[in-house]
Amino acid sequence: MNLEDFAQGNTLFKDVYFKKHEKELLELAHEGQSPKALFIGCSDSRVIPNVILQAKPGDLFVVRNVGNFVPPFKEDNDFHSTASAIEYAVSVLNVKDIIICGHSDCGAIKHIFMPASKLDSSFIHTTNWLKLAQRAKSMAMVSLGDDANTEDLLRTTEKLSIITQLDNLMTYPIVKERLDNETLHIHGWYYDVKSGNIDYYDPEVYKFLPLESKQV
Ligand SMILES: [Zn+2]
C-alpha cells in the first residue's frame with residue numbers, strides 16, 4: 001500500500017460505499033452522531049474497530065492509543081487526549097457502553113518486557129505511557145511465577161492490562177456516577193489477531209469468555 005493506493009481507495013469509497021449508504025450517511029451528516037458505545041482500542045493497525053465488529057458509521061465513538069490504556073483521572077491543565085474522549089463520549093454523547101479492547105501480540109505489552117537497556121531514552125513519551133501497564137506486568141509475573149514462558153507471560157499481561165485499565169476508567173467521576181445510576185456499562189474485551197475472535201471479561205468468574213456466548 002502507498003499513498004496513491006489510499007487516494008484510489010477514497011475514490012472507490014465515494015463511488016461505491018458512500019453511494020450505496022448515502023441515505024444513512026447524509027442523515028448522520030445532518031442530524032449529528034449519537035454513537036451507542038465508546039471503543040477504547042490499541043493503535044495497532046490490525047485492530048480496526050469498525051472492521052472487527054462490522055460496525056457502521058455512527059455506531060462507535062473511537063479512541064485508539066498505544067496499548068489501549070486509560071490513564072487514571074487527573075485534575076490538571078495538561079493535555080489528556082484519552083481523558084477528553086472519555087469525558088466527551090460520556091457527558092456529551094451519553095454513550096451507554098464503554099469497551100476497552102486489548103489484543104494478542106500487542107507491541108506495547110511486548111515492549112515492557114524488554115530489558116531496560118534496549119529502551120531508547122529518546123522515546124520519552126512512550127516510555128512514560130507504558131508505565132500504565134506496569135501493574136498488569138507485576139500481576140502476571142506474580143501469578144505465573146518465575147518459570148513462566150514468555151508467550152504465557154505476554155498473553156496474561158495483555159489480559160490483565162484490560163482489567164487494570166477498567167479500574168483506571170472507574171476513577172473518572174462522570175464514569176463512576178453513571179455506573180452507580182446504571183446508565184453506563186463498561187466492558188473489557190480481548191481480540192485475537194490470529195483468529196479474529198473476541199473474548200469478554202466476566203468479573204463474576206474472573207475469566208475471559210467467548211463474546212459469542214455472552215447473553216445480551
Ligand atoms: Zn497493541
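Before moving on, here are some points about what is shown:
- Put simply, the amide H of D202, placed in the peptide plane, has neighbours under 5 Å in K207, F208, L209, leaving out anything fewer than 5 places away on its chain.
- Cα-centre dipole for segment 49-189 with unit charges at Cβ (Lys and Arg positive, Asp and Glu negative), debye to 20: 200 debye
- Amide proton proximity set for I98, modelled H, under 5 Å, gap of 5+: L38, H185, I186, H187
- Sequence-separation-based contact order of the chain, relative, with Cα cut under 8 Å and 6+ spacing, percent: 21 percent
- Counting only protein heavy atoms and a probe of 1.4 Å, the accessible surface of segment 74-153 is 54% carbon and sulfur.
- Here H185 and S91 are evaluated by their C-beta separation; at R0 = 25 Å the FRET efficiency comes out at 0.95.
- Put a dot 7 Å past the Cα of A148, heading toward its Cβ, do the same for I124, and the two dots end up 3.2 nm apart.
- Folded to 0 to 90 degrees: helix 22-31 orientation relative to the chain principal axis, Cα: 80 degrees
- Ranking by accessible area, most exposed first, for W189, W129 with a 1.4 Å probe: W129, W189
- E177 paired with E204, simple spin-label distance in nm, labels 7 Å along Cα-to-beta-carbon: 3.0 nm
- Residues whose placed amide H lies under 5 Å from that of H103, excluding near-sequence neighbours: Y191
- The chain: most fluctuating residue of P49, P57, P71 per GNM, C-alpha cutoff 10 Å: P57
- Integer Hz, Karplus 6.51/-1.76/1.60 couplings in order for segment 133-147, x for Gly and Pro: 10, 4, 5, 5, 4, 4, 4, 5, 5, 5, 6, 9, x, 5, 9
- The charge dipole of segment 82-142, taken about the Cα centre with unit charges on the Cβ atoms of Lys, Arg (+1) and Asp, Glu (-1), comes to about 220 debye, rounded to the nearest 20.
- Cα-based helix-to-principal-axis angle, 3-12 vs the chain, degrees rounded to 10: 40 degrees
- Per-residue [θ]222 nm for the chain (sum of -39500 (n - 2.57) over DSSP H runs n ≥ 4, rounded to 500): -11000 deg cm²/dmol
- Of every Cα-Cα pair in segment 48-114, the percent that sits beyond 20 Å: 40 percent
- 30 Å Cα-Cα reach of K159 towards lysines, excluding residues that sit fewer than 8 places from it in its own chain: K36, K56, K74, K96, K110, K118, K131, K137, K176, K194, K207, K214
- The chain: C-alpha pair distances exceeding 31 Å, %: 27 percent
- With the simple model of a label 7 Å out from the Cα in the direction of the Cβ, M1 to S213 spans 3.4 nm.
- For segment 73-120, the residue among N77, A108, V92 whose Cα projects farthest onto the positive side of the dipole built from Cβ charges is A108.
- Contour minus Cα-Cα distance for Q8 and M170 (0.36 nm per residue): 54.0 nm
- Kirkwood radius and radius of gyration were both taken over the C-alpha atoms of segment 15-132, and their ratio Rg/Rh is 1.05.
- Accessible area in the full protein assembly, largest first, 1.4 Å probe, for T157, T150: T150, T157
The values are calculated or read from the model by the stated rules, or taken from the named source; none is laboratory data. Note that the structure is a prediction, hence the values are computed from the model and not measured. Don't worry about glycine lacking a Cβ; one is built from the backbone with ideal geometry, like all the others, and counts go over all protein chains shown. For accessibility, only protein heavy atoms count, side chains too; no ligands or nucleic acids. Shrake-Rupley method; radii C 1.70, N 1.55, O 1.52, S 1.80 Å.
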